[in-house]
Amino acid sequence: MLLTGACQTTKPVATSAPKAAIPTASANPTWNQIKAQVEQSPVFAQHFTGFALFDVDSGKMVVEHNAHKYFTPASNTKILTFFAGLKILKDSIPALRYQVQHDSLFFWGTGDPTLLHPDLQNNRVWQFLKARREKLFFSAANFAVEPLGPGWSWDDYNDYYSAERAALPVYGNIVRFTGKLGSSQVQVQPRYFHKQVKNSLLVESKNNIVLRQPDKNQFTFFPKRVTKDFIVDVPIKLSPELTTRLLSDTLQKTVKLINKRLPLTARTLYVTPVDTLYKRMMQESDNMFAEHLLLLCSATIFDSLNTSLIINHVKKTYLTDLPDPPNWVDGSGLSRFNLCTPRSLVALWLKIYQEVPRERLFSLLTIGGKTGTLKRFYQSEIPFVFGKTGSLSNNYSQSGFITSKSGKTYIFALMNNNYTRPSAEIQLEMERIVTQIHLNF
């Protein structure tokens, strides 16, 4: 659906930098004043800002500012992944493909990110494999992408948000380190990696409590960096061989690696409700879940786990009516190759809103003042912002839904790229403008 009907500009009303996180209501503002506040904001003055605001009830765009221009969406890319999942996946996710031949069970991953995940209580796949009497063989022959996505920052390899992609993720594709202030000991999960951790009394220059070597799973713990009790997640350097060793270790039975194509007759094991994945991806902005949700979609449509293939399929099948075609390369938004316009984000949210019951949809999104990445913003007894944030260095965006005091619902996308101010100042100015819409329209 092409969104049109932006208001015309009148003489701008100058604004000053925000004094408080939550502004008070102004007297009878007009849409022109809201547009002028975006255009003339001193906080937005030195970088690129795009804004689109759509009235759901009237079906019209009421404010546009650079809405047709492309911005780096960061984790707003996850909205595209969310939409793909809604169109392709069923109520439960396919966790495993398998085939039994004589005394052997061959299995292939689907990209399911929940197997042995430290924050989820999902043991269905583990129980399934543990209970089998056949010999177990794992094949990664259907995995058709690189572990790291295109345009990802190479030096983020040690950060939890840059976990690698895999056909069969295990333990969230991270090692979790926990410890207490004053202790020189660190707890390691999974225990398989315990012997690959060494302590160092040096003060590491990057402020890391735990640092992995770039090309292998050797970890260094720096006790002098510990200033409080901690939980640190560090991505694993993955390989199919490591996957089989981790599975053998936790199952206490041998899992062998084999290079075997996925047959058309393979059966599918379904496990976790799909909303569990959507909620974590959208509220916590979990990159690992986002990347593997796209792979789950690929596993459902094709016989391979291929991010580019499923992105092209979704764009050609479901997104040809967006005002501006997105440049979409990964599931999470880690890549700066991703580009999207504010009005296309609004159109995408409208498509989602028209297909998903409102109560279910809003429960899956980050909720202003309540959950996820908007928990510290939009404090209100009754939440009025539901959506998604997107953050990379020098880039911050918000999009989703605003419910107003008058009972109306608006869809918005407010995108900021290439700023040098602290992100907190950008966030407060966005909060001020969005809250005015809630209070006065």
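The values are calculated or read from the model by the stated rules, or taken from the named source; none is laboratory data. Only a predicted model underlies this, so the values are computations on that prediction, with no experimental measurement involved. FYI the Cβ positions are ideal-geometry reconstructions off the backbone, even for glycines, and counts take in every protein chain you see. Accessible surface is based on the protein model in full, side chains and every heavy atom, while ligands, DNA and RNA are left aside. Shrake-Rupley method; radii C 1.70, N 1.55, O 1.52, S 1.80 Å.
For this structure, a couple of remarks:
- A Förster radius of 60 Å, combined with the Cβ-Cβ distance separating H68 from A131, puts the computed FRET efficiency at roughly 0.60.
- For the range 244-335, projected area of the alpha-carbon convex hull averaged over all directions, nm²: 8.5 nm²
- The chain: calculated mean residue ellipticity at 222 nm from DSSP helix runs of at least 4, using -39500 (n - 2.57): -8500 deg cm²/dmol
- Rounded accessible area per residue of the chain, 1.4 Å, Å²: 44 Å²
- Surface composition of the chain: carbon and sulfur make up 50 percent of the accessible area, probe 1.4 Å.
- Label assignment, volume of the Cα convex hull per residue in Å³ derived from the structure, set [x] 146; [y] 132; [z] 187: [x]
- Between S363 and E241, the C-beta separation translates, for a Förster distance of 60 Å, into a calculated FRET efficiency of about 0.90.
- Sum of side-chain charges, E381 neighbourhood, beta-carbon under 13 Å (Lys, Arg +1; Asp, Glu -1): +2
- Under the combined filter of DSSP loop state and at most 10 neighbouring Cβ atoms within 10 Å, the range 171-206 retains these trypsin sites (Lys or Arg not before Pro): K206.
- Taking the Cα centre of the chain as origin and assigning +1 to Lys and Arg Cβ atoms and -1 to Asp and Glu Cβ atoms, the resulting dipole is close to 880 debye.
- Spin-label model, T409/D275: points 7 Å from Cα along the beta carbon direction are separated by 1.6 nm.
- The simple spin-label model puts a point 7 Å past each Cα toward its Cβ; for V203 and T420 those points are separated by 2.9 nm.
- Label-to-label distance, nm, for residues given as L350 and Q40 (7 Å Cα→Cβ offset): 2.9 nm
- Candidates T227, T72, T300, ranked by Gaussian network fluctuation over the chain, Cα under 10 Å, top entry: T227
- Percent of beta bridges antiparallel (DSSP, the chain, rounded to nearest 5): 85 percent
- For the set K253, K60, K405, the ranking by accessible area, highest first and with no ligand, DNA or RNA atoms included, is K405, K60, K253 under a 1.4 Å probe.
- Computed lengthening from K87 to S183, 0.36 nm per intervening residue step minus Cα-Cα distance: 29.7 nm
- Residue-wise HN-Hα coupling along the range 98-114, computed from phi with Karplus coefficients 6.51, -1.76, 1.60 (Hz; x: Gly, Pro): 8, 9, 9, 10, 6, 9, 10, 10, 9, 9, 10, x, 10, x, 3, x, 9
- Using a Förster distance of 35 Å, the FRET efficiency for T227-L257 (Cβ separation, nearest 0.05): 0.25
- Loop exposure criterion: GluC sites (Glu not before Pro), DSSP state outside H, G, I, E and B, at most 15 other Cβ atoms within 10 Å. Applied to the chain, the longest stretch between such sites is 205-380.
- Dimensions in Å of the range 297-441 - Rg and Dmax from alpha carbons: 16.3, 51
- 16 Å cut-off, amide nitrogen to a point 7 angstrom out along H47 Cα→Cβ, residues in the range 367-394: 389-394
- Length gained when the stretch D215-K375 is fully extended (0.36 nm per residue, less Cα-Cα span): 54.0 nm
- Heavy-atom accessible surface of W126, to the nearest 10 Å², is about 70 Å², with a 1.4 Å probe and all protein chains retained.
- Candidates L89, L277, L201: whichever shows maximal mean-square fluctuation once the chain is modelled as a Gaussian network with Cα springs under 10 Å: L201
- The chain, relative contact order in percent, only Cα pairs under 8 angstrom and at least six apart counted: 25 percent
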